[in-house]
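Right, one structure below, let's go through it.
The values are calculated or read from the model by the stated rules, or taken from the named source; none is laboratory data. Quantities reported herein were computed from a predicted structural model and do not represent experimental measurements. Here Cβ is always computed from backbone atoms with ideal geometry, including for glycine, and neighbour counts include all displayed protein chains.
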Amino acid sequence: MAEPRTEDSKPRFNKAKHIAYWRRCHETFLPSAYTSNDSTRLTFAFFIVAALDLLRVPLTKEHRAATRAWVLGLQHPDGGFCGSPTHAMPAVAGDAGRGTANLAATFFALLLLGAAAETEDEQRTAFAGVDRRKLLRWLRRLQRRDGSFGQVLWEGEPLGGRDMRHSYLAAGVRWMLKGGGAREEEEDVDVEKMVEHIRGVQTYDGGISESSQQESHAGYAYCAVAALALLDRAASTTCPALQQGIADRGGLLKWLAHRQFVYRSADEERQDESEVNYVEAALGEMSLDEGCARPHRHVGFNGRWNKKADTCYAWWLLGSPGLFDAEPTRNYLLEVTQHGIGGFSKNVGGPPDLYHSYLGLTALAMMGQDELREVDVGLCCSRETVDKIERARDGLLEAVARGGDGDGDGKSKSQFYDPCQEAAKRSYNCLFRNNGDKTMCGEYFQAYRDCKEAWTKQRKKETGSFW
């Protein structure tokens, strides 16, 4: 937790501590608590590299090359990217389409390739090796008839709930590969159906959810608006998707405004740790007028009704510029959740973690923190990274125009061979024979784990990549 300060003092952004935190994450093993999140390792890699970029800390040439090689090594032969080397291993042709590539990993893979490029040549060739044609086909197959998107393909069908995050990720991937233009012969998602789906998930209270009958969530609201904005991110100054995709703008703005919470540090000292120390702010006591006296020093945001304030919602909510007074939220981040060793915690008293530390940085960058690069609200990274992605896309499209088909120089299916696949199949067969009873299949699962451990060590030794 950040050091307490007097009411009149200006909070300090401890840049040196944040750099030390992110360098430690980049150059050493993460704490054991992250082990269960191995399937999202690519996302964590993006948070680390993008955070260093926001802090203006460049990667070495060796680290840039290693990052690029590692990301391309996660590309699936049928399109998309896998979230971890653990999943980049389809061995049999019939198994290749069973969920190993996912939408979130693909989104962060493209962002990471852009963020890891530095020189002009690296930026122009950042997407070299990305199989654009297969990726766009895979993306189209993830879309359902109602316009929503699944997260993975399984037996050719999209799986995963109708989560608004999937629509946002799909819009981001589409923009990074296609930009504002589209060739008639290319496969593409159904944009009209996508907009129609987003329009249909606004709830009775004005918020956004997975469907109009479920609970509103601030993260979904950001994803809906950002997805529509990415569909509109082209040369045209009009925004048809954004205009058509939100049925009740006034209701959404009102719901977003009610996500503000006041943090009362004095109350916290008197309360038991299990008690909630946030109270919903009376909106009449808050003002967007910089000339008005601010009655509350620390204001955070929650994501749903009757929930505690959380660092990450400073990002999800501040994506609506001009709607909130930024200063109390900046105080909240710097004086309440900024951690003494660097990074940000989810809320007061907790340890820093990659997710909240990155979104804490982006929220501060959105509020104009001097020590940070300017952030792109739609893609949640620096403007410099977005510029690199545009150059990378231009380079890839030029290669296609010269006669290529967008295959790049990615790995062939044979290069994704997993020597442990047979051990995995024996484990699954055992489960099938024993009606899912894992206690009957312990030796098979142990053999698979032993094989994977040996193979992982071998791959790390061969590639020289820390990731």
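Residue-wise test of (1) in a loop (DSSP other than H, G, I, E, B); (2) among the hydroxyl-bearing types (Ser, Thr, Tyr); (3) at pLDDT 90 or above.
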| residue | (1), (2), (3) |
| --- | --- |
| GLY206 | yes, no, no |
| GLU210 | yes, no, no |
| GLN213 | yes, no, no |
| SER216 | yes, yes, no |
| TYR222 | no, yes, no |
| ALA226 | no, no, yes |
| THR238 | yes, yes, no |
| LEU242 | no, no, no |
| GLY250 | no, no, no |
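Only one of GLU157, GLU118, GLU122 is out of contact with any Gly (no Cβ under 7 Å at 6 or more places or on another chain), without any contact (Cβ under 8 Å) to a residue 24 or more places away in the chain, surrounded by fewer than 24 Cβ atoms within 10 Å (Cβ to Cβ) and of a type outside the set (Ser, Thr, Tyr); which? Please lay out each step first, then the result.
On the way: GLU118 fails: without any contact (Cβ under 8 Å) to a residue 24 or more places away in the chain; GLU122 fails: without any contact (Cβ under 8 Å) to a residue 24 or more places away in the chain.
Selected residue: GLU157, the only one of GLU157, GLU118, GLU122 that is out of contact with any Gly (no Cβ under 7 Å at 6 or more places or on another chain), without any contact (Cβ under 8 Å) to a residue 24 or more places away in the chain, surrounded by fewer than 24 Cβ atoms within 10 Å (Cβ to Cβ) and of a type outside the set (Ser, Thr, Tyr).
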List the residue pairs whose Cβ atoms are under 6 Å apart, where the first residue sits in the range 244-265 and is closer than 20 Å to VAL195 by Cβ and not assigned by TED's automatic domain parsing to the domain that holds ASP325, the second is at pLDDT below 85 and not in a helix (DSSP H, G or I), and the two are 6 or more positions apart or on different chains. none
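Filter the range 48-76 for residues that are assigned to a helix (DSSP H, G or I) and surrounded by fewer than 22 Cβ atoms within 10 Å (Cβ to Cβ) and give the result.
Hits for the range 48-76 are LEU52, LYS61, GLU62, HIS63, ARG64, ALA65, ALA66, ARG68, ALA69, TRP70, LEU72.
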Within the range 324-357, which residues are among the polar types (S, T, N, Q) and closer than 26 Å to ALA45 by Cα? THR337, GLN338, SER345, ASN347, SER357
Return yes or no: is THR43 modelled with pLDDT of 95 or more, in contact with a Phe, Trp or Tyr (Cβ under 8 Å, 6 or more places away or on another chain), surrounded by 11 or more Cβ atoms within 10 Å (Cβ to Cβ) and more than 30 Å from THR329 (Cβ to Cβ)? no
Note on ASP146: of the conditions (1) touching an Asp or Glu at 6+ places or on another chain (Cβ under 9 Å); (2) surrounded by fewer than 18 Cβ atoms within 10 Å (Cβ to Cβ); (3) without any contact (Cβ under 8 Å) to a residue 24 or more places away in the chain, unmet is (3)
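Listed here are the residues, each with its yes/no results for (1) among the aromatic types (Phe, Trp, Tyr); (2) modelled with pLDDT under 95.
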residue: VAL130; (1), (2): no, no
residue: ARG133; (1), (2): no, yes
residue: LEU136; (1), (2): no, no
residue: PHE149; (1), (2): yes, no
residue: PRO158; (1), (2): no, yes
residue: GLY161; (1), (2): no, yes
residue: HIS166; (1), (2): no, no
